Amino acid sequence: MKSEINSKSLSLAKNFLNQTIEVIVDKPLGCIYSKYKTYFEVNYGYISNTLAPDGKELDAYVLKIDKPLDKFTGKVVAIIHRLNDDDDKLIVIPENETITDEEIEKLTFFQEQFFKHEIIRK
């Protein structure tokens, strides 16, 4: 059952690869998320009106931006596909930027260190 859910999550996330989207940032750079006392080292949010298999909006990391944001429009360049959780994350960056897998791993480590995952670009 878990692998079926992971498959649905990845399938949904893949629809956004290489697309320009708007991210609603609900955890801006520098905030502390009270539920887990997590300090957010990057802007983090969701895609409005797009439910993931966990019943919440599809999440996104906004990378390559060094100031807190409320909203951001950028390009989806990758997906962090969690192998032991049903909550994949989109990687969104400015249109004119590039990012390596190593940079993604480093920038999202504060949260992704707790999950087995892979970075998907196709």
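The values are calculated or read from the model by the stated rules, or taken from the named source; none is laboratory data. Treat the numbers as computed from the prediction; the structure is a model and nothing was measured. FYI the Cβ positions are ideal-geometry reconstructions off the backbone, even for glycines, and counts take in every protein chain you see. Areas reflect the complete protein model, heavy atoms only, side chains present, ligands, DNA and RNA absent. Shrake-Rupley method; radii C 1.70, N 1.55, O 1.52, S 1.80 Å.
Below are the figures for this structure:
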{"quantity": "Pick from region 32-62, criterion closer than 23 Å to residue 11 by Cβ and assigned to a loop (DSSP other than H, G, I, E, B), ranking: least open to solvent (accessible area, probe 1.4 Å)", "calculated": "52"}
{"quantity": "Hits in region 73-83 - residues which are more than 13 Å from the chain's Cα centre (by Cα) and either crowded, with 18+ Cβ neighbours inside 10 Å or within 22 Å of residue 53 (Cβ to Cβ) (or both)", "calculated": "83"}
{"quantity": "Test result for residue 86, closer than 21 Å to residue 114 by Cβ, open to solvent by 20 Å² or more (accessible area, probe 1.4 Å) and assigned to a strand (DSSP E or B)", "calculated": "no"}
{"quantity": "Single residue of region 104-119 satisfying the filter (open to solvent by 70 Å² or more (accessible area, probe 1.4 Å) and in contact (Cβ under 8 Å) with a residue 24 or more places away in the chain) that is nearest to the chain's Cα centre (by Cα)", "calculated": "118"}
